[in-house]
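**Student:** What follows is a single structure, and I will ask about it in a moment.
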Amino acid sequence: QVQLVESGGGLVQPGESLRLSCSASGNILSFNAMVWYRQAPGKQREWVASISRGGSTNYADSVKGRFTISRDNANNMVYLQMNNLEPEDTANYYCKAVAMSLSYWGQGTQVTVSS
């Protein structure tokens, strides 16, 4: 069983930045990919960004150019650097570890962008 713990959320103003962290209890290299999702109130959970075991990254169009996903394999950490935040980025952000037949979710961290 792998546990994922997100942190780094908070309340920021539009245009500001936040860095989310996802700490894994297991070796993240054992997973095919590490992924960030988000869910805004009243909306479905949506994919934000992913990073493969090999380091390839992909982003949702809505965050491309503003968000950067990265990983620290030695410390089993995954990050989401979020720049130029917009009110539309307000959501609970979740980290997910994806294996061949299993996946694990964290409990989420809240990001609120408001003036």
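**Student:** At 1.4 Å probe radius, can you tell me the per residue accessible area of the chain in Å²? Walk me through the intermediate numbers first.
**Tutor:** Values: 5930 Å² over 115 residues.
Dividing the accessible area of the chain by its residue count gives 52 Å².
**Student:** What does the charge count around Y59 come to, taking other residues whose C-beta lies under 14 Å from its C-beta (Lys +1, Arg +1, Asp -1, Glu -1)? Display every interim value, and only then the final one.
**Tutor:** Numbers: positive: R38, K64, R66; negative: E46, D61, D89.
That sum, taken over residues with Cβ under 14 Å, equals 0.
**Student:** May I ask you to order 74-83, 50-59 by the average number of other C-beta atoms within 10 Å around their residues, highest value first?
**Tutor:** Numbers: 74-83: 18.3, 50-59: 14.2.
So the order, starting with the most tightly packed, is 74-83, 50-59.
**Student:** Over the chain, with every protein chain in place, what whole percent of the accessible area is carbon and sulfur at 1.4 Å, could you tell me?
**Tutor:** Exposed carbon and sulfur together represent 45 percent of the surface.
**Student:** Could you state how much accessible area W105 has, in square angstrom rounded to the nearest 10, with a 1.4 Å probe and all protein chains kept in place?
**Tutor:** The value for W105 is about 100 Å².
**Student:** Further, regarding this structure: List the GluC sites (Glu not before Pro) within the range 1-95 that DSSP assigns to loop and that have no more than 14 neighbouring Cβ atoms inside 10 Å. Numbers along the way, then the final one.
**Tutor:** On the way: sites: E6, E16, E46, E88; in loops: E16.
Filter output for the range 1-95: E16.
**Student:** Also: Would you report the distance distribution of C-alpha pairs in the chain as whole percents per 5 angstrom bin, up to the bin with the largest distance?
**Tutor:** Taking all Cα pairs of the chain, the binned fractions are 2, 13, 25, 26, 19, 10, 4, 1, 0 percent.
**Student:** Taking Cα centroids, how far is the range 16-62 from the range 72-112 in Å?
**Tutor:** Cα centres, the range 16-62 to the range 72-112: 4 Å.
The values are calculated or read from the model by the stated rules, or taken from the named source; none is laboratory data. Everything quoted here is computed from the prediction, not taken from an experiment. Every residue, glycine among them, receives a Cβ derived from its backbone with ideal geometry; neighbour counts consider all protein chains shown. Accessible surface is based on the protein model in full, side chains and every heavy atom, while ligands, DNA and RNA are left aside. Shrake-Rupley method; radii C 1.70, N 1.55, O 1.52, S 1.80 Å.
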